[in-house]
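Right, one structure below, let's go through it.
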Amino acid sequence: MGKFAKWIGGGLGFAFLGPIGGLFGFFLGSVVDGIETSPNRLGTTTSGDYAMSLLVLMAALMKADGKVVKAELDYVKKFLIHSFGADGAQEALQMLRDLLKQEIPVEAVCDQISAHVDYSSRLQLMHFLYGLANSDGHLDVAEERLLELISIKLGLTTKDKESIRSMFKNTFEDYYKILEVDSTATNDELKKSYRSMAMKYHPDKVAYLGEDMKKGANEKFQKLNEAYEKIKKERGIV
């Protein structure tokens with residue numbers, strides 16, 4: 001599993017322990033050799049911690065409606081290959097298959113993530129999850145309910161959750177929700193909100209997790225810019 005160790009990158013800190021570590025116990029204890037683990041370094045979130053957290057929440061979401069569909073598997077596989085390369089993706093998929101067979105204590109997992117992952121990175125986790133939920137073109141009621149629970153347990157504000165949710169729709173009402181303003185907002189209010197959201201969603205906020213995760217954050221940032229440009233054009237703002 002040397003290739004997986006390379007994929008993990010900076011080793012494991014908080015994800016080596018607690019409910020997340022327990023879910024990966026077989027791999028961490030019996031299969032993976034050469035991974036740098038630093039369970040005492042809980043103040044630092046590594047790319048490995050983040051990747052493990054994301055895999056667990058992805059598995060929970062895929063199981064939410066009682067079935068795992070091909071569109072979801074294809075989405076996850078494409079995401080993993082894009083982010084971590086073919087070899088790393090293959091090993092991550094092996095772990096995902098094992099996670100899909102387990103009961104995932106979602107609330108406990110989210111509590112562990114909230115205690116160790118900064119807000120911007122939690123927003124990015126939510127964006128990844130909404131992308132997965134919408135991959136089959138339908139947001140199931142059970143998926144929506146689980147995403148609501150995850151957002152609450154991750155400590156996200158309702159507006160931030162709705163902003164990310166709206167990034168997977170294409171109406172003007174959703175463009176305003178992405179920017180966290182009402183359609184009655186003045187142009188000055190719109191500009192002020194955009195500047196604030198651009199700082200919050202900027203990919204550099206998650207750069208410490210590595211270039212792979214920063215690439216994913218670019219999608220969220222682009223959606224924000226797209227919404228702003230659409231509204232500007234509709235309003236005739238120069």
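Values computed for the structure shown
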| read-out | value |
| --- | --- |
| Sequence-separation-based contact order of region 82-238, relative, with Cα cut under 8 Å and 6+ spacing, percent | 23 percent |
| DSSP H segments from the chain that extend 20 Å or more along their own axis, Cα-based, with Kyte-Doolittle mean of -0.5 or above | 47-63, 119-133 |
| Rough spin-label spacing in nm, given labels placed 7 Å along Cα→Cβ, for residue 108 and residue 169 | 3.6 nm |
| Packing-based exposure ordering (other Cβ within 10 Å, fewest first) of 65, 49 | 65, 49 |
| GNM top mover of 190, 132, 147 - the chain, alpha-carbon springs below 10 Å | 190 |
| Sequence-distant residues sharing a close amide H with residue 181 (under 5 Å, placed H) | none |
| Among 139, 55, 179: highest mean-square fluctuation, GNM of the chain, C-alpha pairs under 10 Å | 139 |
| Net dipole in debye of the chain [+1 Lys, Arg Cβ; -1 Asp, Glu Cβ; about Cα centre; nearest 20] | 440 debye |
| Förster radius 30 Å - calculated FRET efficiency between residue 81 and residue 138, Cβ distance, rounded to 0.05 | 0.80 |
| Most positive-pole-ward Cα, 225, 146, 181, against dipole of the chain from beta carbon charges | 225 |
| Amide proton proximity set for residue 12, modelled H, under 5 Å, gap of 5+ | 36, 37, 38 |
| Given charges at Cβ of Lys, Arg, Asp, Glu: the chain dipole, positive-most of 15, 92, 198 | 198 |
| The chain: most fluctuating residue of 108, 51, 60 per GNM, C-alpha cutoff 10 Å | 108 |
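We did not get these values from a lab; they are worked out from the coordinates using the rules stated. On a predicted model such as this, the values are computed, not experimentally measured, just so you know. Note that each Cβ is placed from the backbone with ideal geometry, even for glycine, and that neighbours are counted across all protein chains shown.
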